[in-house]
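Have a look at the structure below before the remarks.
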Amino acid sequence: MGMRSRVVLGVVALAAFGAVGTAPAQGAPAAVGTYDEFSRLDQRSAGQFGTGDSVAGQWSWRTEPSGEYTINWEVEEPENRERFRRSADGEWLLLDGWGKKGHTYYEQRVTSEKSGDAGCGQMTPIPSEGGRQHYVRWNIPAEGYCLDAEGTIQEEKGGPEIRFRHRQVWSPPQPCSNARFKDRVCITQHEMWWDDNNHPYQKTLDRKVQLAKGLGMAFRIEQTFPQPWSAEMIRQWDY
């Protein structure tokens, strides 16, 4: 996404730029659903979002032979994709990077990650998994939770390093509706992003994104920074 053009939805970079039924690890909170049920990342699913009949963007998921889940947000560049994989214990979805493999691909690696409660209190370190960002829990807990990651972004063949911070609060399933799709159930991601990509280190994004069970990404988007903007899902299909 254009140094990850940051209209990446449900996953991160505007100016800067999960197996079903896996049992929770011992001590993990009881699950009230799984991320794949809401994102539909393991299906050849797609959708469009915008306002009324005006399309602002489109997304599509694909599972690669490697087992990675990849999502595209640019119709004109179908191989420009964000790449995710399951963690070794199956409890997390990890973000590797985005772009076009073998052409221009940005690897994102964390140097610090913490998790805590929905108020971003009681934050504790998350053990590293090859530096890939713990993006979201696969098994959705009944209570909201906070993730705070810091690290660097660099094109895989070299180039300048971009410093970033990505803070997310994930909320459990709640009733939701939009103009086209009524009486649904959604999880919500509230994300904030900071980076120093061609400018001093600063905040570049603050928004909330809903994912609807059985429908997928970008069900509703409410952005408050860098400027107010909103959109919602207007079409969804499998291909």
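Scan (1) of a type in the set (A, V, I, L, M); (2) exposed (fewer than 14 other Cβ atoms within 10 Å of the Cβ); (3) in a strand (DSSP E or B) for the single condition A179 breaks and write down its number.
Only one criterion is unmet by A179, namely (3).
Do the conditions hold for Y69, that is, is it crowded, with 20+ Cβ neighbours inside 10 Å and of a type outside the set (G, A, S)?
Details: crowded, with 20+ Cβ neighbours inside 10 Å: yes; of a type outside the set (G, A, S): yes.
For Y69, the condition - crowded, with 20+ Cβ neighbours inside 10 Å and of a type outside the set (G, A, S) - is met.
Confirm whether Q223 is closer than 23 Å to Q174 by Cβ, surrounded by fewer than 21 Cβ atoms within 10 Å (Cβ to Cβ) and either among the polar types (S, T, N, Q) or touching a strand residue (DSSP E or B) at 6+ places or on another chain (Cβ under 9 Å) (or both). Give the steps one after another, and end with the answer.
Numbers: closer than 23 Å to Q174 by Cβ: yes; surrounded by fewer than 21 Cβ atoms within 10 Å (Cβ to Cβ): yes; either among the polar types (S, T, N, Q) or touching a strand residue (DSSP E or B) at 6+ places or on another chain (Cβ under 9 Å) (or both): yes.
Here the answer is yes, as Q223 does meet what is asked.
Sort out for me the strands (runs of 3 or more DSSP E) sitting completely within segment 90-158 that have 3 or more residues that are in contact with a Leu (Cβ under 9 Å, 6 or more places away or on another chain). I'd like the intermediate steps shown before the answer.
Numbers: elements: 92-100, 104-117, 133-137, 139-141, 145-155.
Per the criteria, 104-117, 133-137.
In segment 113-127, how many residues are over 14 Å from G151 (Cα atoms) and surrounded by 14 or more Cβ atoms within 10 Å (Cβ to Cβ)?
5
Within segment 113-135, can one find any residue that is closer than 24 Å to T34 by Cβ, among the β-branched types (V, I, T) and within 15 Å of the chain's Cα centre (by Cα)?
No, there is no match, as no residue in segment 113-135 is closer than 24 Å to T34 by Cβ, among the β-branched types (V, I, T) and within 15 Å of the chain's Cα centre (by Cα).
Given the conditions (1) within 24 Å of D42 (Cα to Cα); (2) buried (at least 16 other Cβ atoms within 10 Å of the Cβ), report the number of the one that A88 does not fulfil.
(2)
I'm checking my understanding of the structure. Among residues of segment 197-208 that are surrounded by 18 or more Cβ atoms within 10 Å (Cβ to Cβ) and not polar (S, T, N, Q), which one is nearest to the chain's Cα centre (by Cα)?
Among residues in segment 197-208 that are surrounded by 18 or more Cβ atoms within 10 Å (Cβ to Cβ) and not polar (S, T, N, Q), the one nearest to the chain's Cα centre (by Cα) is R207.
Could you figure out which of (1) within 21 Å of K157 (Cα to Cα); (2) modelled with pLDDT under 95 isn't true of G97?
(2)
The values are calculated or read from the model by the stated rules, or taken from the named source; none is laboratory data. Predicted, not measured: the structure shown is a model, and the values here were computed from it. So basically every Cβ, Gly included, is an ideal-geometry build from the backbone, and we count neighbours across all protein chains shown.
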